[in-house]
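Have a look at the structure below before the remarks.
The values are calculated or read from the model by the stated rules, or taken from the named source; none is laboratory data. Since this is a predicted model, take the numbers as computed values, not measurements. When we count neighbours, we look across all protein chains shown, and the Cβ atoms used for this are built from the backbone with ideal geometry, even at glycine. Heavy atoms of the whole protein, side chains included, go into the accessibility calculation; ligands, DNA and RNA do not. Shrake-Rupley method; radii C 1.70, N 1.55, O 1.52, S 1.80 Å.
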Amino acid sequence: RSGTCLFFFDGSMNFFFGLNVKHGNVYKQTPPTGSLLHITRATLGPDASSGRVTLKVWNCATQKWFVICTLNAGTTNQCTLDLAFSAGAEVKFATEGAPSEVHLTGFYEALQEDDDFLEGAEEEAEDEEDEED
């Protein structure tokens, strides 16, 4: 199902991500090649009804739903998250409980090869081999 999904380029190789997850629907996202999707916040929509709303994510590897957070209008309207999903992996989001919309926000981060990091790791491996001899 389609939902409202926003992307904004900020000039730093990161893109804003926003998705409105409506009750009773499953929303799919697939991070593009060369990027990670970071989800940083879940917030109840402005018209949230009373009651608890549970936000879930589908794990394709285990074929199971996992609870990310539970929100409750008036007491827990938002939750800070730190979730990262790799490129090409389909991610599914859904809610259960009260019929309130949940707004997910975060960003796409462009991956870059870090040659200095890779060279440092290779040098460490060579140093360890020399010590073993």
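The table that follows gives values for the structure above.
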read-out: Output for segment 69-82, where each listed residue is under 18 Å from the mean Cα position of the chain (by Cα) and either surrounded by 14 or more Cβ atoms within 10 Å (Cβ to Cβ) or part of a loop (DSSP other than H, G, I, E, B) (or both); value: Cys69, Thr70, Leu71, Gln78, Cys79, Leu81
read-out: Residues (modelled with pLDDT of 90 or more and farther than 18 Å from Gly24 by Cβ) located in segment 64-75; value: Lys64, Phe66, Cys69, Asn72, Thr75
read-out: From Phe85, Phe66, residue being open to solvent by 50 Å² or more (accessible area, probe 1.4 Å) and either under 16 Å from the mean Cα position of the chain (by Cα) or over 25 Å from Ala110 (Cα atoms) (or both); value: Phe66
read-out: Single residue of segment 40-52 satisfying the filter (at pLDDT 95 or above and hydrophobic (A, V, I, L, M, F, W, C)) that is surrounded by the fewest Cβ atoms within 10 Å (Cβ to Cβ); value: Leu44
read-out: Considering residues of segment 2-33 that are on the phi > 0 side of the Ramachandran plot and modelled with pLDDT under 85 only, the residue surrounded by the most Cβ atoms within 10 Å (Cβ to Cβ); value: Met13
read-out: So Ala94, is it under 17 Å from Gly51 (Cβ atoms), of a type in the set (Gly, Ala, Ser), open to solvent by less than 80 Å² (accessible area, probe 1.4 Å) and at pLDDT 95 or above; value: yes
